[in-house]
Every structure is written in C-alpha cells, then in structure tokens.
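Report on one structure; see the data block that follows.
Rule-based calculations on the coordinates, nothing more; no lab input. The structure presented is a predicted model; accordingly, all values stated were derived computationally and were not measured. As a convention, Cβ positions derive from the backbone with ideal geometry for all residues, glycine included, and neighbour counts pool all protein chains shown.
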Amino acid sequence: MGIVFESQFSKCRKCLTKFVCILTAIDDMYDIYGSLDELELFTDAVNRWDLKAMEELPEYMKICYLAMFNFGNEIAYDVLKNHGLDVLSYIKEQDEIERGDVAKSIHCCMIKEGVAEEEARDRIKALISFSWKKLNEATAKINHRHHPARSIVTMSLNMARTAQSIFQHGDGIGTSIGITKDRLTSLIVKPIPIPIQHVNHQAMLQEPNLLLVAM
C-alpha cells in the first residue's frame, strides 16, 4: 500500500506483497538461521534454478526455495506473455550474495571519515535529509500527471518513503510492537473516516502519494 496504492495497479500490489514476504523469509535465513554450508547450497540452487536442486536443501529451505522458484517463473512468464521480454535471467541474479555485500552506511562512514558511531549516524541522517530534498526537487519537475515516467518515478519514491518509515525508528519488520504497529493500526484498523460524498476519487488517482514521506 505504501509503494503503490492506486486502484489501477492492483496487480502490482499483489506481486509486491508476494515478493516482500518471500524476500523477508530469505533475508532472515541468510542473516540468522542458515549455516554457511546450507547457504552455499541454497545459493547454488538459485543459480541452477531447477527443482531438482531443491532435493539437496534442508527441509526448512525447501519451502523458501519453492516459493521463490514458483514466483520468479510466474513473473517471468507474465512479462514474456504480455510484453515479449525474457526477464528470468534478471530475476535469478545473485550478484550481491556472491560478492558478499553486507556494507552498512554508518560503518562505512566511520571507517572512511575516522569518526565515532554517533557522529557517523548524524552524518548519515543529514545525508538522507539532503537526498530527500534533491529527490523532491527532481520529482517536482515531472509532477504533471501526463508525464510518461511519472508512475514509475512515484512508485520508486514511495518505496524509499516506505522503507524509511519502517526502519527510521528501529526494526519495523522484526518486531510486532512500537511505532510501526501504531502506524498500521491507524492506517488499516482505525483509519480517519472520510465522508464518501466529499472524496474526489479522480483527483486521488491523479496526484502522487505525498503522505508517506518520513522526514
């Protein structure tokens, strides 16, 4: 909902929901649950992209692999059928895992600038604030509803907004309490009532979602 809320993008919402659920499970598997040997098997199975590769995996990994395999093929087939493009090779890419990319911005700043963690944290916050100003300025230049790139730009910005909203005050995914729970309750369970007769639905579809900026 935070990334793409417009009614005409319902299919995109469904795909994003599936993707985030699968990604979260696999991310936890790499960060917490999997041993080095198990993760090497899983990475190799992804590169092979074959159900037979699943037979070598531990039982708990088989569920994640099957979900990812089916979802990836589903997306690739849909794109090929409707747009004539073969995107399966991009879906299977494991570049970050193979390189072992785990760099964190605060840690990198501490090493590069030779500063303490607290100062590095403040510098990253300032960089985020500056970057949002640049992004909002650039977005304003293509804000007209008829601009061809407007939809994808808005979705990309909303992805960044949602991520910041989730992680700005801690781990908004790994815990079921705190500010994230309050926001979800306010948005879904106890939303602000809006009289239907006063809502301009056409205007809502034409204007970008500006409510999720977490500055």
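Sequentially through segment 18-23, phi angles give Karplus couplings (6.51, -1.76, 1.60; θ = phi - 60°) of 4, 4, 5, 4, 5, 4 Hz, Gly and Pro residues having no value and appearing as x. Note that segment 112-118 has calculated 3J(HN,Hα) couplings of 5, 9, x, 10, 6, 4, 4 Hz, one per residue in order, obtained from phi through the Karplus relation 6.51 cos²θ - 1.76 cosθ + 1.60 (θ = phi - 60°); glycine and proline are x.
Across the cross-link table entries Lys18/Lys92; Lys62/Lys181; Lys18/Lys141, which are compared at the Cα atoms, the separations over 25 Å belong to Lys62/Lys181; Lys18/Lys141. Each part reduced to its alpha carbon centroid, segment 24-70 and segment 112-129 end up 35 Å apart.
Note on Lys81: no aspartates and glutamates have a C-alpha under 14 Å away, same-chain residues under 8 apart excluded. Would you please classify the overall shape of segment 8-101 from the alpha carbon gyration tensor, given that a ≥ b ≥ c denote the square roots of the eigenvalues, rounded means a/c under 1.5, and beyond that prolate means a/b larger than b/c while oblate covers the rest? Prolate shape, in that a/c is at least 1.5 and a/b is the bigger ratio. Applying 1/(1 + (r/R0)^6) with r as the Cβ-Cβ distance of Asp50 and Thr185 and R0 = 45 angstrom yields a FRET efficiency of 0.55.
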